[in-house]
Amino acid sequence: MTMKSCSAAAIALALDACAGSESKPEAAPPPPPARDWVAEIRAQAASLDNALVVEPLPDPAVDDLKRLAQSAEAAGDFATARAEYERALALRPEDPVAWQALAELSLRAGQWKVAASEAQRSYDLGPRNGPLCLRNWLTIRAARIEIGDTYNVPSAEAQAAACAVKSPLFPFHAWL
């Protein structure tokens, strides 16, 4: 290799190196993780200091399907969870717990209007107080926030606050 060809090769390498080090536009940062509405709702409902909890009468077949659905949801199999809750509702269409579970699965799927409708159905069928009531209204609130219905968010918050039933000043047994 001649001196002239060596210097030409060196210049070519230097130009290639410079071309490769051109400032590339920075990639946009990844979007923040989606808000986990379901975890927030369930945590708030679990921490509710409520004196009264009303639950539907047990139905072993429905309870088994709901347990299967809960296991599927815990494993991240949301389609199976939805199918099991729907099977439970086929047996007992007035089960507010199953309707609320469907509403929370709809939240996970980003189906905001469906989630609000299912939570409202649960509320209409449910005890209208306690943790289930709170989950209903927090779900409706989350759906309203996500669809941009900020006008109706405060009413959902007020309904959620009304779900708590405080215990009486004196225990009932004190009066006996």
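The values are calculated or read from the model by the stated rules, or taken from the named source; none is laboratory data. Remember, predicted model here, so these are calculated numbers, not experimental data. Using ideal geometry, Cβ is built from the backbone for each residue, glycine included, and neighbour counts are taken over all protein chains shown. Surface accessibility is based on the protein's heavy atoms, side chains included, excluding ligands, DNA and RNA. Shrake-Rupley method; radii C 1.70, N 1.55, O 1.52, S 1.80 Å.
In the range 150-161, which residues are out of contact with any helix residue (DSSP H, G or I) (no Cβ under 8 Å at 6 or more places or on another chain) and assigned to a loop (DSSP other than H, G, I, E, B)? Break it down into steps so the answer makes sense when it comes.
Within the range 150-161, the first condition is being out of contact with any helix residue (DSSP H, G or I) (no Cβ under 8 Å at 6 or more places or on another chain), and the residues that meet it are 151, 154-155, 158, 161.
Passing the criteria: only TYR151.
How about the range 1-90: which helices (runs of 4 or more DSSP H) wholly inside it have at least 1 residues that are within 30 Å of ALA160 (Cα to Cα) and either modelled with pLDDT of 70 or more or among the polar types (S, T, N, Q) (or both)? Don't jump to the end; show me each part of the working.
Values: elements: 3-20, 37-46, 60-74.
Result: 37-46, 60-74.
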Exclusive hit being of a type in the set (A, V, I, L, M), closer than 27 Å to LEU57 by Cβ and either surrounded by 13 or more Cβ atoms within 10 Å (Cβ to Cβ) or modelled with pLDDT of 95 or more (or both), set ALA98, ALA158
ALA98
Take the residues in the range 85-95 that are surrounded by fewer than 24 Cβ atoms within 10 Å (Cβ to Cβ) and touching an Asp or Glu at 6+ places or on another chain (Cβ under 9 Å); name whichever of them is nearest to ARG128 (Cα to Cα).
ASP95
Can we say VAL165 is among the β-branched types (Val, Ile, Thr), open to solvent by 40 Å² or more (accessible area, probe 1.4 Å) and touching a residue at least 12 places away in the same chain (Cβ under 8 Å)?
yes
State whether one or more residues within the range 105-128 are within 25 Å of PRO56 (Cα to Cα), exposed (fewer than 15 other Cβ atoms within 10 Å of the Cβ), at pLDDT 95 or above and more than 18 Å from the chain's Cα centre (by Cα).
yes
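Regarding PRO131, is this residue of a type outside the set (Phe, Trp, Tyr), in a loop (DSSP other than H, G, I, E, B) and at pLDDT below 95?
Criteria not met by PRO131.
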